[in-house]
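See below for the structure under consideration.
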Amino acid sequence: MPVISFASSKGGAGKTTSAIILATELAQGTDVILIDADPAGRLTRWSRLQALPARTALVTSGGERSIQDEIATARTKATFVIVDLEGSASRLTSFAISESDLVIIPSGDEQQDADEAVETLAQIAMEGRARRRDIPAAILFARTNAAVKSKLEKHINGQLRSAVRVFDTELNRRTAFASLHNAGGGLRQLDRGDVNGIDKAIVNAQAFACEVIDMLEEMRHAQTA
Ligand SMILES: Nc1ncnc2c1ncn2[C@@H]1O[C@H](COP(=O)(O)OP(=O)(O)OP(=O)(O)O)[C@@H](O)[C@H]1O
Ligand SMILES: [Mg+2]
């Protein structure tokens, strides 16, 4: 079943947060395995804060020697496998990317973020060339303002969209998303007394998950066509 990795050469781009959002959203309807392939273990830390949401399981990777087996096993067990990677190039990252059906690169909409995201795309393309297969990848704007964008943000956003594959949906900067790291679980497990804007965050997360499913479906058709 499809393996979706979150990668970016830039640290703090929103990989772990976006991986949690996608996994817990997809788990509303099917089985999902999250693989923590970042030695910093942020996803594992999140998983211990409270019981994992239904239909979600977490595997902490043993590292570069075992990641390919961990992914292969997870594929047989769940409908979606989501891999959280570290924010720098490594053999572990490269092995995970080469096993992925889709690599998602979170990026902010400042020029430096956009440059880093394009660089990560280039690294993924190189990985694909080495493996003699096309590794589909797309940029996800994350931690962006939900309200109005500045002229510069709009410009950078538009430039990137015209050049490479970018998700229409942005995972905006939202307290509810950031709170997942403190509370554990998914958006539906957050305490409504503590956290504002949960419903808007859920709508945002759902739109993202739908787009991921559509993109995988499109790629499947393209492969069989
Ligand atoms: N959409 C968002 N809304 C609000 N806060 C966010 C969002 N995405 C990420 N953050 C916050 O930004 C910080 C960095 O995010 P995250 O840990 O997801 O990045 P990362 O790419 O996994 O970082 P690293 O490279 O260190 O693993 C976290 O504190 C997180 O709470
Ligand atoms: Mg992370």
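Quick one: what pairs do we get from the stretch 151-180, first residue of a type in the set (Asp, Glu), second open to solvent by 20 Å² or more (accessible area, probe 1.4 Å) and not in a loop (DSSP other than H, G, I, E, B), C-beta under 7 Å, 6+ apart or different chains?
Here the result reads 168/211, each pair linking the stretch 151-180 to a residue that is open to solvent by 20 Å² or more (accessible area, probe 1.4 Å) and not in a loop (DSSP other than H, G, I, E, B).
Are there any helices (runs of 4 or more DSSP H) wholly within the stretch 136-225 with 2 or more residues that are among the small types (Gly, Ala, Ser) and closer than 23 Å to residue 122 by Cβ, and if so which?
Where helices (runs of 4 or more DSSP H) fall fully within the stretch 136-225 and carry at least 2 residues being among the small types (Gly, Ala, Ser) and closer than 23 Å to residue 122 by Cβ, they are 151-163.
Anything in the stretch 41-80 that is within 16 Å of ligand 2 (Cβ to nearest atom), open to solvent by 60 Å² or more (accessible area, probe 1.4 Å) and not in a helix (DSSP H, G or I)? List them, or say none.
Correct list: 48, 49, 60.
Which of the residues that make up the stretch 81-134 are farther than 30 Å from residue 151 by Cβ, without any contact (Cβ under 8 Å) to a residue 60 or more places away in the chain, away from ligand 1 (no atom under 13 Å from the Cβ) and outside any helix (DSSP H, G or I)?
The answer is 132, 133, 134.
Scanning the stretch 135-182 for residues that are among the acidic types (Asp, Glu) and under 19 Å from the mean Cα position of the chain (by Cα), which turns out farthest from residue 113 (Cα to Cα)?
Per the criteria, the residue is 168.
Can you pull out every residue in the stretch 105-121 that is of a type in the set (D, E, K, R) and either surrounded by fewer than 16 Cβ atoms within 10 Å (Cβ to Cβ) or closer than 11 Å to residue 159 by Cβ (or both)?
Scanning the stretch 105-121 gives 109, 110, 115, 119.
The values are calculated or read from the model by the stated rules, or taken from the named source; none is laboratory data. Bear in mind the structure is a predicted one, so any value in this text is a computation, not a measurement. Glycine also receives a Cβ, built like all others from the backbone with ideal geometry; neighbour counts cover every protein chain displayed. For accessibility, only protein heavy atoms count, side chains too; no ligands or nucleic acids. Shrake-Rupley method; radii C 1.70, N 1.55, O 1.52, S 1.80 Å.
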